[in-house]
Structures are given as C-alpha cells and as structure tokens.
Amino acid sequence: MDTFDLIIIGSGSGNSIPPHLAGWKIALVERGIFGGTCLNVGCIPSKMFVLPADLAETARHGSHIGVDSHVDGVDFAAIRDRIFGRIDPIAAGGKEYRASGTPGVELITGTARFTGDRTFDVDGRAITAPKVLLAAGARPVIPDIPGLADAPFHTSDTIMRLPQLPARLGVIGGGYIAVELGHVFSAYGSQVTMWTRSPRMLGFEDEEVSQRFTEVFARRVDHRAGVLPTRVETRPDGTIALHGADGEVTVVDQLLVATGRRPNSDLLDTTAGGIPTTDDGRVVVDDTMATPVEGVWALGDIANDYQLKHLANAEAKVAFWNLAHPDDQRRVDYRAVPHAIFGHPQIAGVGLTEQAARAAGLDFVVGRRDYGGTAYGWALEDSESFAKVLIGRADQRILGAHVIGPQAATLVQPLIQAMQFDQPADRVAHEVFYIHPALTEVVENALLDGLDQLA
C-alpha cells in the first residue's frame with residue numbers, strides 16, 4: 001500500500017493546492033476529465049454559449065426601440081469549436097502539469113473507493129494517508145422514465161458538444177441547467193420543448209421571480225408545465241418520441257435530461273470509510289469543512305447543496321488551511337451565498353426568499369422596483385424586470401435580495417456585500433452614490449421603497 005501525507009479526490013476545486021502544503025507528499029485522484037465540472041462541462045463553457053445566445057435574442061427584438069435588427073443565422077459549430085478550442089487545452093495542460101511531476105504531487109487516474117479508514121482502492125492500487133480531502137463533485141440525475149435509459153439522450157456533460165444544431169430539442173427539467181441551455185438552443189434557432197414536474201420553472205427561486213421567468217420564457221419555448229413524459233421511444237431514424245399521459249406524442253431530434261445532480265459520494269463508497277452522508281448523498285461536514293471522521297474533509301458539490309463554483313473555491317481555501325493548521329481553524333460563512341442563472345431573462349439572488357422568510361415567522365417588509373421605474377429602464381423599454389429586497393423591521397438588516405432582468409448577476413452584488421458585512425438598508429441606500437442613470441438605480445429604489453414602509 002502506498003502512503004501519502006494527503007489524498008485529494010477530485011481535480012476541480014481540489015486541484016487548487018496552496019503553497020503552504022509545499023513539501024507534502026500528495027496524491028491527486030481524478031476519475032474523469034481533469035479540471036472538474038465548472039471548467040469542462042459547467043459554468044465556463046455554458047456561459048460562453050450563453051453570450052452569443054443573448055446577442056441573438058437581443059437582435060431579434062431590436063424593433064421595440066427602433067432598431068431594425070435581425071439574425072441571419074447562428075454557426076453552432078463555429079461557436080462550439082471556439083469555446084472548446086480554448087477550454088480543452090486548459091484541461092489538458094493542467095493534467096500534463098500534474099502528471100509530469102509537480103513537486104510533491106502525484107496524479108492518479110481512476111475511480112477511488114474507500115476500503116477502510118482513510119484508505120482507498122484506485123482501480124487496483126491501494127493508497128492511504130492520515131489526511132483526506134473529498135472534492136469529487138456531482139453528476140447528472142437520470143429520472144426513471146420507461147425507455148429513457150435506452151434513448152440517445154444528453155445531459156449537460158455532453159449536450160454542448162453536439163455535432164450540429166438540432167432542429168428540435170426536447171428538455172426534461174426546469175432548473176437552472178434546463179433554462180440556461182434551453183435559452184441557448186432556442187436563441188440559436190432550435191425549436192425547444194420543455195417538460196417540468198412543477199407548474200413553474202425555477203421553482204426554488206423566489207415565487208414572484210419564478211412566476212415572472214416562467215411567463216416570459218414560455219413565450220419562446222413550448223412549456224409542458226406540471227408533467228413529465230410517461231415514456232420515451234427511440235425511433236429507427238434516430239429521432240426520439242416523448243409520450244405524454246394524455247396520449248400526445250412529441251418528436252425531437254435531440255433530448256436533454258436536466259433533472260438535477262447528485263453527489264458522487266456513492267461512487268466513493270463512503271460507507272466503507274465510515275463517512276456519514278445525508279439522505280440525498282451529501283457528505284456531512286461542519287463549517288471548517290471537516291467530516292465527523294478524524295482527518296477527513298470535504299468540499300464543493302459532494303458536501304453542500306448549493307452546487308456553486310464560487311462557494312467550492314471558498315470552501316477549498318478553508319479546507320486546505322485547516323487540514324494543515326489544526327490549532328488555527330478557519331470557517332466558511334454561509335450567511336450571504338449568492339447565485340445567478342444566466343437564462344433570458346437573467347436572475348440573481350441571495351439570502352431568503354419572501355416565502356422562506358414568511359415561513360420562518362420573520363417580521364420584514366419587501367422593497368420592490370421595476371426596471372421600468374428607472375431612467376435606464378426607460379431606455380430599455382423594459383416592462384418585465386424588477387428587483388426586490390427583504391428588510392427586517394427591527395434592525396433594517398437585508399434578509400434577502402432577488403433580481404430578474406438584464407445584468408441581474410451584477411446588480412445584486414452590492415446587496416451581497418451589505419448582507420455579508422451586516423450593513424443596514426438605510427446606510428446602503430443613503431450613504432453611497434448610485435450612478436445616474438445606470439441600472440444600479442433599480443437596487444437603490446428597491447431599498448428606498450422598503451425603507452419608506454418602515455418610516
């Protein structure tokens with residue numbers, strides 16, 4: 001059995017090995033593409049696909065502000081090759097860097113499975129270490145629909161590498177992956193049909209935001225709300241027929257399954273290592289990223305239910321520090337973990353939704369401002385987008401913030417900062433300048449609306 005000082009499972013955020021571990025003998029184990037989900041099949045390539053989709057969708061609607069613009073066509077293959085022409089060399093270069101003998105680090109390719117306390121089998125090779133960091137990520141969930149397993153469906157891991165743009169795309173799912181990729185293919189010219197178990201897309205968002213998004217996005221796609229296909233049939237010509245409970249049959253050229261992701265803890269056989277997991281498979285950790293098992297830490301999608309790269313990176317910094325400094329432990333602060341969905345319209349949020357705050361019995365007001373109520377919103381002729389903030393009555397603390405519309409992921413940032421540093425709403429609204437006539441005035445006016453209700 002080969003012994004190391006530290007074993008890291010996963011080459012996403014787990015690959016960001018810090019300088020203070022210089023001199024350690026480290027094994028870095030990866031079963032898939034080097035670099036993890038975000039770089040290869042997640043945030044980075046998907047947002048590179050979203051940008052031209054945004055351009056195309058905006059061009060199609062220039063007439064409402066007096067611009068006669070249109071889209072002559074989208075070169076899917078050129079976009080795909082440009083994106084992966086940049087990403088693939090980065091992944092290959094990172095793997096080569098580790099494989100060629102990074103001082104103290106050995107790259108081991110294969111699937112690691114616990115065989116006991118901090119011991120693993122990696123495709124026949126036994127390894128052990130006094131310290132272990134689990135950063136093995138998550139993978140797509142495939143629903144149990146008759147015929148689906150035998151169909152040539154895609155997940156987010158494969159859909160972006162299609163050889164050509166499908167004329168008809170079916171999407172099962174209504175979460176962030178489904179709507180982002182649904183936006184991409186719809187904007188590029190595919191006829192998109194989406195099946196969602198819930199009546200609304202993005203049901204985990206603030207209800208008002210989710211409802212508005214569903215109303216707007218359903219104008220571009222055929223939304224089959226509140227139902228999933230009952231059977232999937234692969235036809236001899238390669239097309240895929242999705243059968244509904246009402247007998248309706250929808251035929252598509254390609255099918256994307258985007259019904260969530262599950263932690264890879266089962267692939268590690270965490271039970272054999274004595275590592276406790278939640279009912280949905282997440283490795284149990286505290287805010288130092290330590291598991292209940294001495295010497296074992298975990299981070300990212302295998303340990304939290306956010307599945308956000310910026311959070312995984314923050315957890316990695318804490319975990320790498322703590323495993324080397326037992327007497328100087330750092331903690332991850334989850335008070336203001338933000339997220340964004342790069343659909344069309346764009347969405348961003350942080351903190352509690354209005355529904356969660358009410359369910360918790362909190363005393364708060366909701367400040368709200370439509371984009372159309374600000375000068376830049378007039379320029380956009382925007383009648384659908386808005387920002388809302390939840391402000392506690394007792395202390396004016398911001399409990400949550402939600403934005404739907406252009407630049408949402410950027411507009412929410414000052415509210416994230418305010419929540420993180422416990423800045424009351426009146427200071428955020430009154431003691432900083434908001435550029436006029438920039439879209440940031442939407443945030444300012446949402447705060448002022450809430451404060452007016454407290455006066």
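The values are calculated or read from the model by the stated rules, or taken from the named source; none is laboratory data. Bear in mind that the values here come from a model prediction, so they are computed numbers and not experimental data. When we count neighbours, we look across all protein chains shown, and the Cβ atoms used for this are built from the backbone with ideal geometry, even at glycine.
List of remarks:
- Here ARG161, ARG212 are screened, and the one residue that is within 25 Å of CYS38 (Cβ to Cβ), basic (Lys, Arg) and modelled with pLDDT of 95 or more is ARG161.
- Candidates GLY174, GLY203, GLY226 - the one that is at positive phi and either in the same structural domain as ALA387 (by TED's automatic domain parsing) or out of contact with any Cys (no Cβ under 9 Å at 6 or more places or on another chain) (or both): GLY226
- Taken together, ASP287, ASP301, ASP280, ASP305 contain a single residue that is assigned to a loop (DSSP other than H, G, I, E, B), in contact (Cβ under 8 Å) with a residue 40 or more places away in the chain and either aliphatic (A, V, I, L, M) or within 30 Å of ASP266 (Cα to Cα) (or both), which is ASP287.
- Each residue in segment 414-455 was checked for being more than 14 Å from GLY400 (Cα to Cα), without any contact (Cβ under 8 Å) to a residue 60 or more places away in the chain and under 25 Å from the mean Cα position of the chain (by Cα), and 1 pass.
- Restricted to segment 113-130, and to residues there that are in contact with a Leu (Cβ under 9 Å, 6 or more places away or on another chain) and crowded, with 20+ Cβ neighbours inside 10 Å, the residue that is farthest from VAL293 (Cα to Cα) is PHE120.
- Qualifying residue in segment 49-68 (condition: within 26 Å of THR111 (Cα to Cα) and in the same structural domain as PHE120 (by TED's automatic domain parsing)): no
- The number of residues in segment 406-436 that are out of contact with any Ser or Thr (no Cβ under 7 Å at 6 or more places or on another chain) and in a loop (DSSP other than H, G, I, E, B) comes to 11.
- Failed criterion for ASN313 (all others in (1) surrounded by fewer than 19 Cβ atoms within 10 Å (Cβ to Cβ); (2) not in a helix (DSSP H, G or I) hold): (2)
- Odd one out for ASP121 among (1) touching a helix residue (DSSP H, G or I) at 6+ places or on another chain (Cβ under 9 Å); (2) at negative phi: (1)
- Odd one out for ARG369, checked against (1) under 25 Å from GLY66 (Cβ atoms); (2) touching a residue at least 60 places away in the same chain (Cβ under 8 Å); (3) of a type in the set (D, E, K, R): (1)
- Scope segment 228-259; condition part of a loop (DSSP other than H, G, I, E, B), exposed (fewer than 14 other Cβ atoms within 10 Å of the Cβ) and of a type outside the set (Lys, Arg); matching residues: PRO236, ASP237, GLY238, ALA245, ASP246, GLY247, GLU248
- Residue pairs whose Cβ atoms lie under 8 Å apart, sitting 6 or more positions apart in sequence or on different chains, and linking a residue in segment 60-80 that is closer than 23 Å to PRO45 by Cα to a partner that is at pLDDT 95 or above and exposed (fewer than 10 other Cβ atoms within 10 Å of the Cβ), are ALA77/PRO163.
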